Structure formats: C-alpha cells, structure tokens
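Scroll down for the structure; my scribbles are underneath it.
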C-alpha cells in the first residue's frame, strides 16, 4: 500500500489562497497535480526537496537571482517558487519559468512567511498517513476544512471562516477580498484580532452565539476596518461548542440560506470531531509505522512506503530525557514528566519536519525516534543529522537536558534497524556518562559502546572481579584504604602522579604511598603493559567504587602511616 498523496495541487492552492495571499506571476499551475511539501530555500544549506515542492524564496529578489533559482529548482522537479511581491516579471524570469517548468508566485505585501507556511501546510495536509483512499463526510473529503469552507461559501454566497472556541481560524473560503480589512487581517493572522473579539464579547455576541443553534446577525461597529455585517452560527457536538462559522454578508441571510448555514454547522461539527479523534489515531498509527520500520522485519518496507520514505536513505535519531532523581515514588511528578516528554517529542517532530517534510517521528516507550530522510548519494548524512540534533538541543535549552544518539546511514529497509540499534547504543553511552556531552554519533562513541556491551556480557555470566583487582577490592572493604580509586586515578592520568594526586585531593607523597601499597596488595607489576591494560579494562567494565563517583573533598595532608 502506498502512502496517501497530499490532496491539493498548485491550482487548488491558488484558488484558495490566491485572492488573499498569492498571485501567479508566470508559469503553468496545472503542471503540479499534488504538492509534495513546503520547503524554505536556504542558499547556504540546500534543503532536500520532496516531489513537486513549493519553495519559499525568502530574501530572493531581482530578475537574475530569481531566474537562476528557477532553473535550479527545475532540475529538482519543484512545482513553484514563491517570492515577495512585487516579483520580477521581465523576459529573463518568464523564460526561466517556461524552461524549468516551475511556476513563479508572489506573496502579497503585509503577509508574513510564517503565516503563509502555516496556511499552506494546513491546506496541503502534508505528511498524512493511513488509508490509500480518502474518506468523505457529506461529500467533502474528511477533515478538509478548506474544501468545506468553500462549499459553505457557495451555499450562502458569502466568504466564510471556520474558527475554534478561541477565535483561531481553522480554515477559510475564497473571495475574502469581498469582505472588509478586518476579515483580511483575521485570515492573514489565523486569529481574530483582540480588539474585535473584545467588541464581540462586550456586545454580548458570543453569549448569543453559544446559546442558540440558529444563525446570529452581527452588526459591525461601522469602522473603516470592520464595516461589513456578519452572520455567525455555533458549531456544536451535543452540548459541547466546538467552534463557529462566520460569513461576511452585506444583507441578512434569507430563511433558505439561514437553514443552509444551520445544516452546514452540523456537517462542520462532524469534520471537527473527525479531526480531533483522528489526531490521536494518527499519532498512534504513525508510531506503529515508525516502530515497524525500525524493527526491520518483513513489514518494514510496507511501513516505509506508507510513511513516504521509500525513495530516500535515512538516519535514525534517538532522543531521551533522563529521569530526575526526585521522580521515584511521586505519581504527580511522574505524570508531569511524562507530559513534558510527550511535548518534547512533538517539538522534536516539528523540528525534523522543518528540515524535511517526510521526516517521521514517534515516541516509543521513553525514547522519541526520528527518521531523517537523506538522498542516497549524500556523503555527509550523519553530519547533517548531527547538526540537526545540535540545533534542536540549542533551541530547547537545558531545562530537561535531553540526550540524542545518532545511528549510521541506512540505505534500505533492512539497514534502518541497524541505524536504530546504533542510535540506541550511542544514547546509552550518553546516559551512562555524567559528562556535559548531550549528543553523540555511534561512530564517535563506538569504543565506549563496546565496553558497555562487554560489561553486559560479564554481568550476564555473573563473572566476579578476579586477580589483582579482586584482591584490591577485598582490601578496601576491610580497611577503607581507597586503593582501587588510587589505582584508577593513576591509570587515568597515564602514570602522572601530580595530576592523579590532584584528582584525589591528596598530597603527592600520600598518593605515592597508596600506589606502592596498591602494588603490594594486588601483587601486580604495573610496569607490565599487559597488566595495566587488564586492570584498566576490569575497572571500566566493573561497577564504580564509592569513591570514584564524585570528587573527594580536600583533606589535610598527614604523614602516611603504614597499615
């Protein structure tokens, strides 16, 4: 089963957003039947473009720069380039658009790129997974609020918006230029401005709206910004108000159009309920698909297909948040930590999707796994994943101190499981190390990962310390002599006594005495490299001693006394 393609093509984008946000400068919008994603152009770090991408040319200006970018995008199969109005429309740009097959659009003055990106991604339903065939409610694709807004607008012959309880715009119809400036400001900001919501609250409009199941006529305050009357109706599911529909009407609705708006509110309620229920369902479905892909079994290829990742190589990133010490025994803190971990996973998913529209992320257990798609021929895929992870850690700060492990590049479904295993092993190294490092590639911590594997093997077999180390541990238990810590400090300092003594907070003469005593008790020749290596390996694999977990407090140096 293939992944479901985004619903909207370039023609649909222009029909829904063209009168308010976008103008077609040149090119044929019918060449792109299904926009593959929205990507921001970065001249310093060329992004990976999905099929028929809509590229936002932020900062691109002038005919020469625009023409060069159109030619470059044509080689990648992009659908359109958006630049800030007024867009250059001379012969050079027109020829480049025809030659490349990439349409040129202009973003109207006053609209922000962030607003455009949010609207486009809502309209395109980028990244949908699930059934191959679209579902419908009332003849409209399920959850497609933009199509529903256009249908309602056609029924009552007026531009409409669909809003939630907080007056955030969920979708809007075409013909918004027929309304007043307040409606245009609302659509651009995806939120009814506060001064207008205050007017509606003070006038009792919201109270009347939520108490009735019939359309409410709203007379405007007759300002230059807000002068076209509105017809509004609450969208309900039983006793719960889900949102509302607002139509900019010059005259009150006729009884027939009032009934049409009432019926439309019931249909909008079904779509909103479907969206709300579908959010959790889609999250679980996506988690299942990501988990299946990362397992690498027979279903991995199918899962990657439904995620839209079959045409890419991938790098797995594993993100985890260490449990705080105070979490044990506190249900409230545990619930709070779980919620924060979910929010962090959502932020991680948003960050990866901004890098690549097809990035797949899911929280599995207490680890958020992300699959970052990369081209098969990209040699620095792991470096790119490391930069992506570092940027994320920098943005979220140090409050939760998350850790990120990065696996090797996977070029097929079977290798994705090995990439996940590598990311898990790198993450385990970070968790076992109390240092300041918060991100690691498995290629950078391969030796540390091998040591942890050997420690697991020794623990599984129940192998106790033997030889010189066993004698030192027994002596320390009986005499609290700290000989094991002394030997560890000396080995870590490569035999540099002053440096090792400083880490133990003792005088050099005291340290030399302890080292001689350790040699006698262990019955080991520290001049032998094989003996040193065996002791170092045993110390690495064994559990830390009580004195090695934290620096000792400075002590007053006393003359050594022989035990």
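The condition of being part of a helix (DSSP H, G or I), surrounded by fewer than 18 Cβ atoms within 10 Å (Cβ to Cβ) and either modelled with pLDDT under 80 or under 25 Å from the mean Cα position of the chain (by Cα) (or both) holds for only one of 34, 95, 89, 114, that being 114. Mind checking which residues of region 50-70 are in a helix (DSSP H, G or I) and touching a strand residue (DSSP E or B) at 6+ places or on another chain (Cβ under 7 Å)? Within region 50-70, 66, 69, 70 qualify. Among the residues of region 358-397, those that are free of Cβ contacts under 8 Å to residues at least 60 places away in the same chain, closer than 22 Å to residue 36 by Cα and either in contact with a helix residue (DSSP H, G or I) (Cβ under 7 Å, 6 or more places away or on another chain) or part of a helix (DSSP H, G or I) (or both) comprise 359, 370, 372. Filtering region 518-533 to residues that are in contact with a helix residue (DSSP H, G or I) (Cβ under 7 Å, 6 or more places away or on another chain) and either part of a helix (DSSP H, G or I) or more than 10 Å from residue 487 (Cβ to Cβ) (or both) leaves 518, 521, 522, 523, 525, 532. Which residues, taken from region 231-266, are touching a helix residue (DSSP H, G or I) at 6+ places or on another chain (Cβ under 7 Å) and either assigned to a helix (DSSP H, G or I) or not assigned by TED's automatic domain parsing to the domain that holds residue 145 (or both)? Across region 231-266, the qualifying residues are 257, 260, 261, 264. Being more than 17 Å from residue 465 (Cβ to Cβ), assigned to a helix (DSSP H, G or I) and either in contact with a strand residue (DSSP E or B) (Cβ under 9 Å, 6 or more places away or on another chain) or without any contact (Cβ under 8 Å) to a residue 40 or more places away in the chain (or both) is the filter here; which residues of region 481-513 pass it? Hits for region 481-513 are 489, 490, 492, 497, 498, 499, 500, 501, 502, 508, 511, 512. May I ask you to list the residues in region 63-86 that are at pLDDT below 90 and farther than 25 Å from residue 48 by Cβ? Selection gives 85, 86.
Candidates 431, 438, 488: the one that is touching a helix residue (DSSP H, G or I) at 6+ places or on another chain (Cβ under 8 Å), within 23 Å of residue 315 (Cα to Cα) and either buried (at least 21 other Cβ atoms within 10 Å of the Cβ) or assigned by TED's automatic domain parsing to the domain that holds residue 387 (or both) is 438. Screening region 362-381 for residues that are modelled with pLDDT of 90 or more and surrounded by 22 or more Cβ atoms within 10 Å (Cβ to Cβ) and picking the one that is nearest to residue 323 (Cα to Cα) gives 368.
The values are calculated or read from the model by the stated rules, or taken from the named source; none is laboratory data. None of these values were measured; they are calculated from a predicted model. Methodologically, a virtual Cβ is constructed for each residue, glycine included, from the backbone with ideal geometry; neighbour enumeration extends over all protein chains shown.
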